[in-house]
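Engineer: Once you've had a glance at the structure underneath, I'll fire off some questions.
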Amino acid sequence: MKDAVQTKTILRSLAGETLPTPPIWMMRQAGRYLPEYKATRAQAGDFLSLCYNPELAAEVTLQPIRRYGFDAAILFADILLVPQALGADLWFVTGEGPRLSTITSQSDFDVLKPVEAIHDTLNPIYETVKILRRELPAETTLIGFAGAPWTVATYMIAGQGTPDQGPAHALREGNVALFEALLERITAATIEYLSAQIEAGAEVVKIFDSWAGSLKGDAFQKYAVAPCAEITTALKARYPHIPVIGFPREAGDGYVGFHAATGVDCVALDNSVSPDWAAAHVQKHGCVQGNLASSHMVTGGQALVDETRAIVKAFSNGPHIFNLGHGITPDADPENVTLMIETVRAG
Ligand code: 1CP
């Protein structure tokens, strides 16, 4: 009899198997392009109330599984819940995005809570994971996640999303001791947060470093590679069987060697790198995930089909999980998601 690990296609790819058809899921697969998501979000009231309501968060996680039959579900939550659990104020401005209290001085840092306190805030997230493990189909893998320390720090320092992560770069140049203390606190919190997700039933975890691309050279090594390695090493010591996906978005050449330098089982690729290049230079070291441009979910048509086929073909000689290069956008057409899945599964 096959055990669960062998029957879940995503776990097989993460274990290094080359499958005839790559398994597929999609970043932000629960989101505003889906009418059923918008309805549940309206029921919850606002985005954060949705994240902290286990029944409704599980419901929106399940919606894209029911509609499309993706091979994985990703826990519905947000990377900014960790700053909130550490004591930062967090709110969302409609039409603009997240806002947080800023950390630019030692006194701002000193009011942050200790790592052990995070579970007081994050317990509902673990409840969502437990519900999902009960309710997901047997073949669907449950992915937990957190933001990488650098990306989370960029929001905590600036108090919002920034095009160039300027305030975070300014702090790391102007007060490296404070910057590194903040990164260490986030790293330790992330290890505990992901461990609790795994204890609750997450079968894979993904570390989102959305702003890794703005770290260059030595800074990329110190603030993207090293924290990801620290988190992965700690998780592997506790849960050797749980695969880790790393996503150092827009790392470019930094994707090369990222598996070995961090210990992750899979490197997720954004669509700024060509699949042929990534197959030769990144996939030769282990499983890769990606990397269709999310704009195809808006535009659709033959270009979507051609590009999807090219990505499947380029990665067909090694372990591959099909995904977008970044999250699907609210203006996407749900029909184009169906077309992408059919194209991948048609082989
Ligand atoms: O209006 C809404 O309904 C909120 C939109 C939204 C959603 C659906 C936000 C606000 N977060 C999420 C969910 C979310 N965020 C998930 C859930 C699982 C999924 O379906 O994929 C995940 C994995 C995230 C991760 C996340 N949040 C990242 C990393 C990945 C990425 O997209 O680069 C980042 C940077 C965030 C911060 C964040 N949360 C929300 C927004 C709009 C943003 C970006 C803000 C900015 O930089 O301006």
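Engineer: How about region 138-220: which trypsin sites (Lys or Arg not before Pro) there are in a DSSP loop, with at most 16 other Cβ atoms within 10 Å of their Cβ?
Structural biologist: Hits after loop and neighbour filter: Lys216.
Engineer: For the chain, what is the convex hull volume of the alpha-carbon atoms per residue, in Å³?
Structural biologist: Values: hull volume 42.9 nm³, N = 347.
It is 124 Å³ per residue.
Engineer: Near Lys313, which lysines are there with a Cα under 24 Å away, not counting those fewer than 8 places off in the same chain?
Structural biologist: List returned: Lys8, Lys284.
Engineer: Report for the chain the percent antiparallel among DSSP-assigned beta bridges with both residues inside it, nearest 5.
Structural biologist: So the antiparallel bridges in the chain amount to around 15 percent.
Engineer: So what's the net charge close to Ile74: Lys and Arg +1, Asp and Glu -1, counting the other residues with Cβ under 12 Å from its Cβ?
Structural biologist: The answer is -1.
Engineer: Another question about this same structure. Only Cα pairs within less than 10 Å get springs; with that Gaussian network setup on the chain, which residue of Pro23, Pro54, Pro35 has the largest fluctuation?
Structural biologist: Maximum fluctuation in the GNM of the chain, among the listed residues, is at Pro35.
Engineer: Could you tell me which Cys residues in the chain have no other cysteine's Cβ under 4.7 Å from their own Cβ, answering none if every one has a partner?
Structural biologist: Unpaired cysteines in the chain: Cys51, Cys228.
Engineer: Going from most exposed to least, what order do Arg238, Arg99, Arg28 have by accessible area with a 1.4 Å probe?
Structural biologist: From most accessible down to least: Arg28, Arg238, Arg99.
Engineer: Using θ = phi - 60° and the Karplus relation 6.51 cos²θ - 1.76 cosθ + 1.60, list the HN-Hα couplings for region 246-256 in order, rounded to whole Hz, with x at every Gly or Pro.
Structural biologist: Result, rounded to whole Hz: x, 9, x, 4, 6, 6, x, 4, x, 5, 6.
Engineer: Taking the chain as a Gaussian network, Cα atoms linked when under 10 Å apart, which of Ala73, Ala39, Ala146 shows the biggest mean-square fluctuation?
Structural biologist: Of the options given, Ala39 has the highest mean-square fluctuation.
Engineer: Name the most mobile residue of Arg32, Arg309, Arg66, meaning the one with the largest mean-square fluctuation, in a Gaussian network model of the chain with Cα contacts below 10 Å.
Structural biologist: It is Arg66.
Engineer: Once you charge only the Cβ atoms, +1 for Lys and Arg and -1 for Asp and Glu, what is the size of the charge dipole of region 22-287 about its Cα centre, to the nearest 20 debye?
Structural biologist: 420 debye
Engineer: Calculate for the chain the 222 nm mean residue ellipticity that helices alone would give, adding -39,500 (n - 2.57) per DSSP H run of length 4 or more and normalising by residue count, nearest 500 deg cm²/dmol. Don't skip to the end; give the middle numbers.
Structural biologist: Numbers: 18 runs with 172 residues, N = 347.
Result for the chain: -14500 deg cm²/dmol, rounded to the nearest 500.
Engineer: Each residue of region 77-84 in turn: what ³J(HN,Hα) in whole Hz from Karplus with 6.51, -1.76, 1.60 and θ = phi - 60°, glycine and Pro shown as x?
Structural biologist: 6, 8, 5, 7, 6, 5, x, 4
Engineer: Starting from the Cα of Lys236, draw a straight line to each of the lysines and keep only those under 19 Å, dropping any in the same chain fewer than 8 residues away.
Structural biologist: Lys206
Engineer: Using only Cα atoms, locate the centre of region 61-113 and the centre of region 125-201, then give the distance between them in Å, rounded to an integer.
Structural biologist: Their Cα centres are 8 Å away from one another.
Engineer: Something else: What are the residues whose amide H is under 5 Å from the amide H of Lys113, where those residues sit 5 or more places off or on another chain and H is modelled from the backbone?
Structural biologist: Excluding prolines and chain starts, which carry no amide H, the hits are Gly87.
Engineer: A further question on this structure: Search the structure for amide H atoms under 5 Å from the amide H of Phe208, placed 1.01 Å from N in the peptide plane, and list their residues when 5 or more places away or on another chain.
Structural biologist: Ala146, Gly147, Ala148
Engineer: Out of the total accessible area of the chain (probe 1.4 Å, heavy atoms of protein only), what percent is carbon and sulfur?
Structural biologist: About 51 percent, which is the carbon plus sulfur part of the accessible surface.
Engineer: Could you give me D for region 14-125, from Stokes-Einstein at 4 °C and 1.567 mPa s, where the hydrodynamic radius is the Kirkwood radius over C-alpha pairs? Units µm² s⁻¹, please.
Structural biologist: Numbers: Rh = 16.2 Å.
Roughly 80 µm²/s, to the nearest whole number.
Engineer: Another question, if that's okay. Tell me the per residue accessible area of region 22-287 using a 1.4 Å probe; a whole number in Å² is fine.
Structural biologist: Per-residue accessible area for region 22-287 comes out at 38 Å².
Engineer: What is the set of long-range amide H partners of Asn323 at a cut-off below 5 Å, with H atoms built 1.01 Å from backbone N?
Structural biologist: Long-range HN contacts for Asn323: Gly290, Asn291, Leu292.
The values are calculated or read from the model by the stated rules, or taken from the named source; none is laboratory data. From a predicted model like this one, the values you see are computed outputs, not experimental measurements. Virtual Cβ from ideal backbone geometry, glycine too; neighbours counted across all protein chains shown. Please note that ligands, DNA and RNA were not included when accessible areas were found on the heavy atoms of the full protein model with its side chains. Shrake-Rupley method; radii C 1.70, N 1.55, O 1.52, S 1.80 Å.
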